[in-house]
Amino acid sequence: MAPGVVLYEVGPRDGLQNEPEVVPTDAKAALVGRLAGAGLTRIEVTSFVSPKWIPQLADADALARVLPRPDGVVMSALVPNEAGYERFRAAGLPVAAFFVSASETHNRKNVNRGIAEHLERFRPVAERARADGVRLRAYVSTVCGCPYEGAVPVAAVVGLVERLEKLGADEISLGDTIGVGHPRQVRELVAAVADAMPLERVALHLHDTWGRALANVQAGFEVGVRTFDAALGGLGGCPYAPGAAGNVATEDVVDLFERAGIATGVDLDALVDTAAWLERDVLKRRLPGRVYRARLGERERRARRREERS
Ligand code: HMG
Ligand code: MG
């Protein structure tokens, strides 16, 4: 069955940028290989941002040299400016992902520039991307609220979507960076954005701080969104957005859609194996994903029963 939704895996980037420890480059490459092996076809693998700002992803250039590149898997990386684009081009990835916040203060904290200046500096990068045949994804962050300013007007989000579309964004991902959004808000936001950009080119990127990310995925689907960003095991967070929890867990989104009869093309068991490997062998900390934890619990109970019987 052809997938009815696209899951855009951001764990290697949004997840690992926020870990307290730096994950070794070969473990990052292995993670991407396992995610692709589980059936994920769109994966954000790293960031070409300043290594001073995000030391966890300072090995982006080295990672690109050892990254598995399976057929049919389209990989992106964050690119904030021209210096990042040079590194991105050397890495030979097909999709550059720009990011800008809908609130001025978060933008300044995140990229050291106001929104207008950040967009202007990106313009030549967007032009080069078009000439180079590189696809452009663009995140609009803080769409449901800002950690510094509070409420963010829908008009600010729509205005940015229009500007990014004009700059040449092929796809726009609406980021609830601090996970404060709720289903009614998501429905209203998507309806407003749909006037500026066809929904086939719009994704939702939902963090789970308030436990509403999965409800927001459902709400987004009901109003026509078909691409959802998610991170293995519920990894994720923005170091410049205090208090933000991880992304909606990829396993939770797969489970939600598959149980509704909507194919995702992703193998849930392979994701659970990958999350268990990452938790046990790499991060050495408990991952929060709900479906992951429930499936692990089920496996452990089954193994205990088998042991008791033998
Ligand atoms: P800056 O310090 O203002 O940079 O940082 P600058 O242009 O003034 O340059 C200063 C130095 O940095 C120079 O080196 C540059 O060459 C170097 P020096 O001359 O001093 O030796 N530099 C770079 N080096 C490598 N790669 C680069 C680069 N750029 C400059 N790309 C900058 C400005 C934008 C670079 C910085 O603020 C930055 O890297 N910010 C990124 C922060 C970040 O990654 N945040 C998390 C990702 S966004 C997110 O998580 C949200 C999202 O998930 C969606 C959602 O949830 O809403 C996407
Ligand atoms: Mg994020």
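Points to keep in mind about this one:
- Residue in segment 43-64 that is at pLDDT 95 or above and away from ligand 1 (no atom under 15 Å from the Cβ) present: no
- All positions within segment 258-289 that are touching a Pro at 6+ places or on another chain (Cβ under 9 Å) and modelled with pLDDT of 95 or more: 262, 263, 264, 265, 266, 282
- Any hit, segment 2-15, residues being more than 18 Å from the chain's Cα centre (by Cα), more than 14 Å from ligand 2 (Cβ to nearest atom), of a type in the set (A, V, I, L, M) and assigned to a loop (DSSP other than H, G, I, E, B): yes
- Single unsatisfied condition, residue 135 versus (1) basic (Lys, Arg); (2) more than 18 Å from the chain's Cα centre (by Cα); (3) away from ligand 1 (no atom under 15 Å from the Cβ): (2)
- Condition check for residue 274: outside any helix (DSSP H, G or I) and either away from ligand 1 (no atom under 13 Å from the Cβ) or aromatic (Phe, Trp, Tyr) (or both): no
- Annotation: residue 73 fulfils all but one of (1) under 30 Å from residue 258 (Cβ atoms); (2) within 16 Å of ligand 2 (Cβ to nearest atom); the unmet one is (2).
- Residues of segment 226-251 that are crowded, with 22+ Cβ neighbours inside 10 Å and away from ligand 2 (no atom under 13 Å from the Cβ): 232, 233, 249, 250, 251.
- Selection over segment 35-54 of residues that are surrounded by fewer than 19 Cβ atoms within 10 Å (Cβ to Cβ) and among the basic types (Lys, Arg) gives a count of 1.
- Unique residue being out of contact with any Asp or Glu (no Cβ under 9 Å at 6 or more places or on another chain), closer than 16 Å to residue 103 by Cα and away from ligand 2 (no atom under 16 Å from the Cβ) when the list is 164, 174: 164
Matching residues to (1) in a helix (DSSP H, G or I); (2) free of Cβ contacts under 8 Å to residues at least 40 places away in the same chain; (3) over 15 Å from the mean Cα position of the chain (by Cα); (4) within 30 Å of residue 283 (Cβ to Cβ):
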| residue | (1), (2), (3), (4) |
| --- | --- |
| 156 | yes, no, yes, no |
| 159 | yes, yes, yes, no |
| 169 | no, no, yes, no |
| 224 | no, yes, yes, no |
| 230 | no, no, no, yes |
| 233 | yes, no, no, yes |
| 240 | no, no, yes, yes |
| 243 | no, no, yes, yes |
| 258 | yes, yes, yes, yes |
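- Screening residue 57 with (1) closer than 27 Å to residue 3 by Cβ; (2) buried (at least 18 other Cβ atoms within 10 Å of the Cβ) gives one miss only, at (1).
- Which listed residue is more than 29 Å from residue 213 (Cβ to Cβ), touching a residue at least 12 places away in the same chain (Cβ under 8 Å) and not aliphatic (A, V, I, L, M), from 94, 124: 124
- Unique match (being in a strand (DSSP E or B), small (Gly, Ala, Ser) and buried (at least 21 other Cβ atoms within 10 Å of the Cβ)) among 203, 219: 203
- Checking 143, 125 one by one, the residue that is of a type in the set (Val, Ile, Thr), surrounded by 14 or more Cβ atoms within 10 Å (Cβ to Cβ), near ligand 1 (Cβ under 9 Å from one of its atoms) and more than 13 Å from residue 170 (Cα to Cα) is 143 and no other.
The values are calculated or read from the model by the stated rules, or taken from the named source; none is laboratory data. Keep in mind that this is a model prediction, so the values were computed, not measured. Virtual Cβ from ideal backbone geometry, glycine too; neighbours counted across all protein chains shown.
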